[in-house]
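Working notes, structure below.
The values are calculated or read from the model by the stated rules, or taken from the named source; none is laboratory data. Just so you know, these numbers come straight off a predicted model, no measurement behind them. Here the Cβ positions follow ideal geometry from the backbone for every residue, glycine too, while neighbour counts run over all protein chains shown. The accessibility values were calculated without ligands, DNA or RNA, using every heavy atom of the protein model including side chains. Shrake-Rupley method; radii C 1.70, N 1.55, O 1.52, S 1.80 Å.
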Amino acid sequence: MALLVFGNGFDKACGLESSFPEYLKSRYYSSTLEKCKDVIAYIKDNGAKYGDAMPTIDPWYNGFSKVTFWDIYFSKPHLIKMSEREIELWSDFETTLNSFIMGIKNSWNEWRNDILTSRWSDIVNYPSNEDMLFSLALRLYLAHRTEQEDIEKVSHKTLAALLLEDLKDYEKRFGEYIREQQAHKKDYLTNAEKWIKALRGGDTLEYLNTFNYSDLSSLLPSKAGLWHVNGDADTPIFGIDYDAEETGAYDPWYIFTKTYRRLELNGSKVCYPTNRSFRKVIVYGHSLNKQDYNYFFALFNRLKLNKERDEKNGYSIVFAFNEYGGRSIEDVKREKVDGVLRMMQAYNKQVLHAPDFRLMDILYCNNAIRFQPVSIR
């Protein structure tokens with residue numbers, strides 16, 4: 001009996017244009033991108049017009065009612081000349097989201113002082129200062145959302161709640177994009193069926209955990225279960241992982257963690273984990289980024305990874321991979337091995353509290369972990 005775990009690489013292999021760069025460049029998002037460009041142009045024009053005056057929002061200007069703050073922030077590569085590299089993978093997106101949130105959380109006074117003391121002239125005097133441009137965008141956006149110019153009164157909790165509300169709107173539109181993509185990619189399910197068959201081999205598919213938002217339910221055996229780990233196209237989740245010592249449940253920014261967001265979905269139609277036992281877990285198309293350690297650490301606990309493998313506990317974990325993006329199979333495998341090693345080291349430290357525990361050696365010597373190339377050709 002096998003559990004399949006799919007990351008975004010699975011949907012990409014099946015022909016779905018579901019990566020973040022593809023979303024930003026799609027015709028679906030083009031009108032939103034134009035509205036974001038209007039907001040940035042508004043800020044730059046006012047910078048030249050009002051000089052050293054403090055930024056205030058024109059009550060007649062409605063640009064901020066047409067987009068979310070996250071539209072503006074994550075469209076940065078398309079709005080200005082970027083010095084940083086473009087977001088390529090969903091793991092990059094979540095890492096960027098995490099950096100932004102933790103930056104506000106850990107440097108609240110400094111960050112708030114920056115946007116409170118900024119002047120229109122900062123844009124003119126420092127045209128290459130990308131952070132200042134988006135600090136001004138956030139200042140004006142908050143003034144619009146809270147309907148008050150004095151945003152000094154905006155608390156951690158209020159800001160977090162506003163940005164999460166915006167993120168949910170942002171997620172909803174991406175879910176609509178995925179539904180549109182799947183409806184137009186007529187060969188998606190055909191390709192998906194081939195990949196599932198190749199990945200499970202001769203094993204019975206007992207359960208599927210997918211980090212994607214596309215619908216694979218029609219391909220699963222009647223008794224097989226399906227869990228959309230981060231929600232489906234109706235309720236997609238973009239979130240972060242957390243350090244329990246830094247971001248506890250009482251922290252206002254905890255609401256951005258995937259743990260919290262999944263609990264929010266409790267009672268919805270989205271499926272949930274199962275108590276079934278698995279002899280084999282096959283992971284494919286996942287970056288193994290630390291923003292998803294919350295899922296994998298829980299899975300490793302279920303498998304009792306720190307226990308000796310025997311006839312009763314005869315599980316195995318297969319990390320499947322294939323060539324993509326013009327990269328050689330050797331490079332892809334090396335990247336996968338590196339990702340697994342980092343994840344296991346973090347599991348040793350954070351969950352087993354034994355950073356020197358030789359978990360990878362135990363798994364390898366017990367034939368409990370494998371790296372396997374896969375193809376549908």
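Filtering Tyr324, Tyr315 for residues that are hydroxyl-bearing (Ser, Thr, Tyr), out of contact with any Cys (no Cβ under 9 Å at 6 or more places or on another chain) and open to solvent by less than 40 Å² (accessible area, probe 1.4 Å) leaves a single hit, Tyr315.
In the range 183-220, of all residues being touching a Pro at 6+ places or on another chain (Cβ under 9 Å) and of a type in the set (Ser, Thr, Tyr), the one that is farthest from Asn8 (Cα to Cα) corresponds to Thr204.
Pairing each residue of the range 167-185 that is under 21 Å from Asn98 (Cβ atoms) with any residue that is assigned to a helix (DSSP H, G or I) and modelled with pLDDT under 95, provided the two are 6+ apart or on different chains, yields C-beta distances under 7 Å for Leu167/Trp70; Tyr170/Trp70; Tyr170/Asp71; Phe174/Tyr23.
Given the options Asp234, Asp310, name the one that is open to solvent by 20 Å² or more (accessible area, probe 1.4 Å), modelled with pLDDT of 90 or more and in a loop (DSSP other than H, G, I, E, B).
Asp234
Going through the range 44-70 one residue at a time, which ones are touching a residue at least 40 places away in the same chain (Cβ under 8 Å) and buried (at least 20 other Cβ atoms within 10 Å of the Cβ)? Selection gives Asn46, Gly47, Pro55, Phe64, Thr68, Phe69.
Exactly one residue out of Lys49, Lys25, Lys66, Lys35 is over 24 Å from Glu180 (Cβ atoms) and charged (D, E, K, R): that is Lys49. For the subset of the range 113-127 comprising residues that are farther than 17 Å from Ala41 by Cβ, open to solvent by 60 Å² or more (accessible area, probe 1.4 Å) and of a type outside the set (Phe, Trp, Tyr), which member is modelled with the lowest pLDDT? Looking at the filtered set, the residue picked out is Asn125. One residue stands out in the range 237-282 among those that are among the acidic types (Asp, Glu) and either under 17 Å from Gly7 (Cβ atoms) or at pLDDT below 75 (or both): the one that is surrounded by the fewest Cβ atoms within 10 Å (Cβ to Cβ), namely Glu245. Only one entry in Lys37, Lys76, Lys105 is more than 23 Å from Ser214 (Cβ to Cβ), open to solvent by 30 Å² or more (accessible area, probe 1.4 Å) and within 20 Å of the chain's Cα centre (by Cα), namely Lys105.
All of Asn289, Asn294, Asn301, Asn348 fail the test of being surrounded by 12 or more Cβ atoms within 10 Å (Cβ to Cβ) and farther than 26 Å from Ser277 by Cβ, apart from Asn289.
In the range 344-377, which residues are β-branched (Val, Ile, Thr), part of a loop (DSSP other than H, G, I, E, B), at pLDDT 85 or above and within 29 Å of Ala198 (Cα to Cα)? Within the range 344-377, Val374 is the sole residue that qualifies. For the range 351-371, a residue qualifies if it is loosely packed, with under 15 Cβ neighbours inside 10 Å and of a type outside the set (Phe, Trp, Tyr), and the qualifying residues are His353, Ala354, Pro355, Asp356, Arg358, Asp361, Cys365, Asn367, Arg370. For Arg145, the criteria (1) modelled with pLDDT of 95 or more; (2) touching a helix residue (DSSP H, G or I) at 6+ places or on another chain (Cβ under 6 Å); (3) charged (D, E, K, R) hold in every case but one, which is (1). Against the list (1) among the basic types (Lys, Arg); (2) modelled with pLDDT under 75; (3) closer than 24 Å to Ala160 by Cβ, the condition Lys81 fails is (3).
One line per residue, one yes/no per condition, for (1) touching a His at 6+ places or on another chain (Cβ under 8 Å); (2) part of a loop (DSSP other than H, G, I, E, B); (3) not acidic (Asp, Glu):
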{"site": "Leu3", "(1), (2), (3)": "no, no, yes"}
{"site": "Glu17", "(1), (2), (3)": "no, yes, no"}
{"site": "Pro21", "(1), (2), (3)": "no, no, yes"}
{"site": "Ile43", "(1), (2), (3)": "no, no, yes"}
{"site": "Pro59", "(1), (2), (3)": "no, yes, yes"}
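Here is a check on your reading of the model: is Lys304 closer than 21 Å to Glu206 by Cβ and over 23 Å from the mean Cα position of the chain (by Cα)?
yes
Among the conditions (1) in a helix (DSSP H, G or I); (2) over 25 Å from Ala192 (Cα atoms), Gly339 misses just one, which is (2). Taken over the range 171-221, residues that are of a type in the set (Val, Ile, Thr) and part of a helix (DSSP H, G or I) amount to 3.
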